[in-house]
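Shown next, in structure tokens, is the structure this report addresses.
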Amino acid sequence: MGLPLCIGLALAPAAARADLAYEVPTDHARFAACAYSILDRAYPGMARLTDLRGADTIKITLEETSVGLVSSATNRFVDMDIRKRGKGAAVVIRGAWSLMGATFYAERAWREISGCASA
């Protein structure tokens with residue numbers, strides 16, 4: 001029974017990432033700075049911020065690298081785009097699939113940074 005299950009899981013298509021979208025009244029750069037600060041404290045060494053100046057977009061990613069005896073693997077579990085939208089910002093959070101639900105990581109990230117919307 002174990003071998004057919006393993007073969008079935010190996011052949012199953014990869015789960016799609018789930019996107020959550022929010023509109024916030026705060027300037028996109030201010031929101032991104034606040035969100036990055038919170039995520040960097042919560043996940044030291046895992047948060048990365050990239051400012052795409054020409055596109056008025058700031059990207060924040062959360063990823064971890066596992067190092068084994070033979071190789072290493074990097075897992076990006078949150079990918080966030082913060083775009084300038086008028087005087088506010090449009091926030092799109094993509095989370096990796098989890099056994100806890102398709103939007104588990106994205107929802108958890110939003111719960112942690114949602115206070116930045118009024119900063």
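A short reminder: the numbers here are calculations on the coordinates, not readings from a lab. All values reported here derive from a predicted model rather than from experimental measurement. No Cβ is skipped: glycine too gets one built from the backbone with ideal geometry, and neighbour counts run over all protein chains shown.
Of the trypsin sites (Lys or Arg not before Pro) found in the stretch 39-119, those in coil by DSSP whose Cβ has at most 11 other Cβ atoms within 10 Å are LYS87. Pair-distance distribution of the stretch 22-74: all C-alpha pairs, bin width 5 Å, starting at 0; shares per bin in whole percent are 4, 17, 22, 20, 15, 10, 6, 3, 2, 0.
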